[in-house]
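Visitor: Would you mind keeping the following structure in view while I ask a few things?
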Amino acid sequence: MSETNRFTPRATRWLSVLALLLATGCEEIPPEPPPEPEPQQPPAPRYQATIYRTEYGVPHIRADNLASVAFGQGYAFAQDQACGLAEAVLRLRGEQARYRGAEFVGIDIAHRLLDPLGRAELLLPQQPQPVRELLGGFVAGYNHYLARVGPANVPGWCHGAPWVAPITETELMAHHLTLGMLASGLQLLPGIAAAQPPGTTTPSQTPPPALDSLALTKGKDFGSNGWALGRERTQSGRGMLVANPHFPWEGELRLWESHLSVPGTLDVYGASLLGVPGILIGFNPNVAWTHTFSSGQRFNLYLLPLVPGKPTRYYYGNEEREMVAKTITVKVQQPDGSLVDVTRTTYSSHYGPILSLEGLEWNPQFAISYRDANRDNGSMVAQYLAMAQADSLQALQQAHATYQSLPWVNTMSVDRQGHTWFTDSSRTPNLSAESLTRWQQQVSAGNTPAALVYQSTGAVLLDGSDPSNEWLVEAGAAQPGVIPFARSPQLSRDDFVFNSNDSHWLTNPAVPLEGFSPLQGIERTAQAPRTRMNLTLLTEVREGGASGADGKFTQPELKEAILGNRAFTAELLREELAARCQAHPSATVEGQTVDLTRACATLAGWEGRFDLGSTGAVLWREFLGTFSFSQTLDAGALFATPFDPAHPLTTPAGLRPAPATGEDPLLTRLGRAVRILEKANLALDVPLGRVQNAPRGGRRIPLHGGHDIEGTANIVGRNGSMLSQEPRAPQGTVINRSTGLTTEGYVVSLGTSFLMALEYTENGVHAEGLLSYGESENSQSPHYSDQTELFLAKRWRPMRTDWQDIIDHAGSSVETISLP
């Protein structure tokens, strides 16, 4: 090798530089330029989630943490249901009159007195960090959607409304507090609005509501069925669940379906009320649960004897107490668009707000106040998160014990091993045994204010001047004055637990739950026809029965049972009434003879179901519509055999016998039903599907299903209570108010809503179901009525939780969203 070849290229370069320096007299060499800076990485987004929408627009949201999965849920929710939450915030802020005029002044003032915003400000900092992440993420996602489309461009019934705006975490929590008062303060708003001292110079602009309007606090207009089946009653030997809430199809109480996944932290599927992060009814890989509306008490009314001549001062024990006055001002839009201030003074006792009710108006002798067990119930989201993360039935039970914050529901739950559990852990006033005994004696007397209130509404009225009627403070209670979780009705079984809105008493008739406070639910009392139908489906073991000859349910049998539309009253009475009718096929109605021949034949040929093609269901409905609901619970106008608490499933029973002479009252009622259908121009044997319908997406969709009084499990009907101003389903002119028959038929806007039949298998969860009114509130969306078509056809769809399955069925409906 030559010498020159021993130099490297680097050495050669330095020799060249040295030569150059010598040639230039050692001039200074300019420095090499600095290295290029490394490119800056953008900061990780504060929130990031991917939304996969499968068939029927169901969103499956995946993220790396709780805050981001809630961000995705809030965004997807706003895409589907932004109007509902925006309006809920408008209401709780007490600002409806600002945009909608003077008719909302009273309700706005009542909301301001309840002050959910002020209470949320106090409770929000107390929430555990994971809950703060859920609330903050959901708000960020909702607001991110509004920012993308612009509040004025939100689609749906609120399009262009000036009150659609971004929300805050405090407002979202205030919304949850308001939902918690659904069975109490929310239904008492009109009574609060009407309350003004007698002789006041500024009369209330809100008339006192009728007493029976308080029946809404007992869930009169909404109910549910919930079944949890254990390993002894399933063919697989594993757990099964039916969720069948009967909630409104319009307004603020709709349900919305979603699936949330944070790997290693959360994997939960189900439905929630509008604007509530997480899942309220649903399942994870280990446990499933559903709810029904509890029949228990969430508040107490108090009658306050007033000091003579001082209508804002009341007696309490040996002292006098002054009511607390609060002056509230709201802005009210005038017909010309201008705003004026309206001011009113409200009053509260130490129990809570003063009410004025028809027949119990505020007068010189007494006033009515109330105390609410849910007014400060701020842990609902925390409890539902704990339930969603439960890895066993014991963990789900511990979520109830820790928080006891479900405001007004029973819970039916099951694990994958096939163990079931029921509880009504709703917050309930804790009265002493002496106080309860005095109240029961007053109700039994029959001529007392307590009896009047209970018979009209089911609510409990106590003497507010007696300190012994205060709520007891007991160790273990979620808040002072409510019954502790340990004393809640509970039952664990390996066969089944269920509820259909009667009390806890017959959760499983093999072991009646007894000895609890009557405020938690009345025991040893007649069960509603729907409860008896549910129990028949669950307990019958026969060929052709709901669970077959082996008495062990399969998932197809479960689906057929809940949507089979068998009517308990028809199974009990139809044949006997048809035979009596055929023996004497005429009746006298309002002095005129009505030929019952066709009515007799229609009932005799009817299969006793409320399916689309059922001919006889409409006539039966109009016949039962001549009775009050209470007449279906004991002997008298309809039944011959009275209710017997020793035989609650089989009594009352048998048709009331015909008199020895004269008109048969039952045939007279049947004649009245015939007259009603003639007035409506309906044939006596008209198929139900030609009369019962839901206006959705510009058409009337025929529907199956029955009413509570008929005793079907599958319920559809008319939504009778709604705070929302969302346009309601048009129903035409009412022909028969008791049955809901109108010139447009039976118009459905309430009933079976989120429907689910679930089975745990050795390969995981297999769930099917539907959301009867669809995911979207926007009538122009394909997801406004697509699932109503499923409900019409009794066609269940898969509820997908396997991620490869989700990705395969999402197709191009995938969106990743983020926020710095």
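Visitor: Looking for whichever is at pLDDT below 95 and not in a helix (DSSP H, G or I) here; the options are ASN374, ASN447. Which one fits?
Guide: The match here is ASN447.
Visitor: In addition: I'd like to check something: does the stretch 87-106 contain any residue that is in the same structural domain as PRO155 (by the TED database), at negative phi, among the acidic types (Asp, Glu) and in contact with a Cys (Cβ under 7 Å, 6 or more places away or on another chain)?
Guide: So far as the stretch 87-106 goes, yes, one or more of its residues are in the same structural domain as PRO155 (by the TED database), at negative phi, among the acidic types (Asp, Glu) and in contact with a Cys (Cβ under 7 Å, 6 or more places away or on another chain).
Visitor: So is ALA658 among the small types (Gly, Ala, Ser), over 22 Å from HIS707 (Cα atoms) and touching a residue at least 24 places away in the same chain (Cβ under 8 Å) or not?
Guide: yes
Visitor: Filter the stretch 693-710 down to residues that are free of Cβ contacts under 8 Å to residues at least 60 places away in the same chain and in contact with a strand residue (DSSP E or B) (Cβ under 6 Å, 6 or more places away or on another chain) and give me whichever is most open to solvent (accessible area, probe 1.4 Å).
Guide: ARG700
Visitor: Which members of the stretch 512-563 meet the condition of being part of a helix (DSSP H, G or I) and acidic (Asp, Glu)?
Guide: GLU557, GLU560
Visitor: When residues of the stretch 640-650 are filtered for being without any contact (Cβ under 8 Å) to a residue 60 or more places away in the chain and within 35 Å of the chain's Cα centre (by Cα), how many remain?
Guide: Number satisfying all stated conditions: 5.
Visitor: Now, a different point. Could you please find all residues in the stretch 131-164 being farther than 19 Å from GLU252 by Cα and of a type in the set (Val, Ile, Thr)?
Guide: VAL131, VAL149
Visitor: Taking the stretch 262-272 as the region of interest, how many residues are open to solvent by 10 Å² or more (accessible area, probe 1.4 Å) and in contact (Cβ under 8 Å) with a residue 40 or more places away in the chain?
Guide: Qualifying residue count, the stretch 262-272: 4.
Visitor: Taking the condition aromatic (Phe, Trp, Tyr), assigned to a loop (DSSP other than H, G, I, E, B), surrounded by 23 or more Cβ atoms within 10 Å (Cβ to Cβ) and modelled with pLDDT of 95 or more, does TYR746 pass?
Guide: So TYR746 fails the test.
Visitor: Here is a further query. Pull up the stretch 602-630, narrow it to residues that are free of Cβ contacts under 8 Å to residues at least 40 places away in the same chain and crowded, with 17+ Cβ neighbours inside 10 Å, then point me to the one that is nearest to the chain's Cα centre (by Cα).
Guide: Once the filter is applied, the top-ranked residue is TRP606.
Visitor: Further question on the same structure: Somewhere in the stretch 302-311, is a residue closer than 30 Å to ILE483 by Cβ, crowded, with 24+ Cβ neighbours inside 10 Å and of a type in the set (Phe, Trp, Tyr)?
Guide: Yes; the residues of the stretch 302-311 include at least one that is closer than 30 Å to ILE483 by Cβ, crowded, with 24+ Cβ neighbours inside 10 Å and of a type in the set (Phe, Trp, Tyr).
Visitor: Looking only at residues that are in contact (Cβ under 8 Å) with a residue 40 or more places away in the chain and within 18 Å of ASP685 (Cα to Cα) in the stretch 574-585, which one is most open to solvent (accessible area, probe 1.4 Å)?
Guide: ARG574
Visitor: When only residues in the stretch 501-511 that are in a loop (DSSP other than H, G, I, E, B) and of a type outside the set (Ser, Thr, Tyr) count, which is most open to solvent (accessible area, probe 1.4 Å)?
Guide: ALA510
Visitor: Within the set of pairs 6+ apart or on separate chains, which have a first residue in the stretch 200-213 that is more than 12 Å from GLY359 (Cβ to Cβ) and part of a loop (DSSP other than H, G, I, E, B), a second that is open to solvent by 70 Å² or more (accessible area, probe 1.4 Å) and modelled with pLDDT of 85 or more, and C-beta atoms under 9 Å apart?
Guide: Final answer for the pair search is THR202/THR343; GLN205/GLU103; PRO207/GLU358.
Visitor: Also: Could you list, in sequence order, all residues of the stretch 87-108 that are open to solvent by less than 30 Å² (accessible area, probe 1.4 Å) and under 22 Å from the mean Cα position of the chain (by Cα)?
Guide: Answer for the stretch 87-108, where residues must be open to solvent by less than 30 Å² (accessible area, probe 1.4 Å) and under 22 Å from the mean Cα position of the chain (by Cα): GLU87, ALA88, VAL89, LEU90, ARG91, LEU92.
Visitor: Any residue at all in the stretch 413-420 that's touching a strand residue (DSSP E or B) at 6+ places or on another chain (Cβ under 8 Å), without any contact (Cβ under 8 Å) to a residue 12 or more places away in the chain and open to solvent by 10 Å² or more (accessible area, probe 1.4 Å)?
Guide: no
Visitor: Another question about this same structure. Test of understanding: among LEU461, LEU452, LEU472, which residue is crowded, with 20+ Cβ neighbours inside 10 Å and either hydrophobic (A, V, I, L, M, F, W, C) or touching a His at 6+ places or on another chain (Cβ under 8 Å) (or both)?
Guide: LEU461
Visitor: Residues in the stretch 587-600 that are of a type in the set (Gly, Ala, Ser), over 22 Å from THR712 (Cα atoms) and touching a residue at least 40 places away in the same chain (Cβ under 8 Å): how many?
Guide: Matching residues across the stretch 587-600 total 1.
Visitor: Give the stretch 421-435 a look and list any residue that's within 29 Å of the chain's Cα centre (by Cα) and either surrounded by fewer than 21 Cβ atoms within 10 Å (Cβ to Cβ) or within 18 Å of TRP471 (Cα to Cα) (or both), or say none.
Guide: SER425, SER426, ARG427, THR428, PRO429, ASN430, LEU431
Visitor: More than 30 Å from PRO727 (Cα to Cα), touching a Pro at 6+ places or on another chain (Cβ under 8 Å) and open to solvent by less than 50 Å² (accessible area, probe 1.4 Å): which single residue out of LEU123, LEU134 fits that description?
Guide: Unique residue meeting the criteria: LEU134.
Visitor: Also, quick follow-up: Of everything in the stretch 337-349, what is part of a loop (DSSP other than H, G, I, E, B), surrounded by fewer than 15 Cβ atoms within 10 Å (Cβ to Cβ) and either among the hydroxyl-bearing types (Ser, Thr, Tyr) or in contact with a Ser or Thr (Cβ under 9 Å, 6 or more places away or on another chain) (or both)? Give them in sequence order.
Guide: Of everything in the stretch 337-349, just one residue is part of a loop (DSSP other than H, G, I, E, B), surrounded by fewer than 15 Cβ atoms within 10 Å (Cβ to Cβ) and either among the hydroxyl-bearing types (Ser, Thr, Tyr) or in contact with a Ser or Thr (Cβ under 9 Å, 6 or more places away or on another chain) (or both), namely SER338.
Visitor: HIS111 is checked against (1) open to solvent by 10 Å² or more (accessible area, probe 1.4 Å); (2) in a helix (DSSP H, G or I); (3) within 14 Å of ARG375 (Cβ to Cβ) and fails just one. What number does that condition carry?
Guide: (1)
The values are calculated or read from the model by the stated rules, or taken from the named source; none is laboratory data. Since the structure is predicted, the reported quantities are computational estimates derived from the model, not experimental observations. Cβ sites come from the backbone with ideal geometry, for glycine too, and all protein chains shown count toward neighbours. These accessible areas exclude ligands, DNA and RNA; they are computed on the full protein's heavy atoms, side chains included. Shrake-Rupley method; radii C 1.70, N 1.55, O 1.52, S 1.80 Å.
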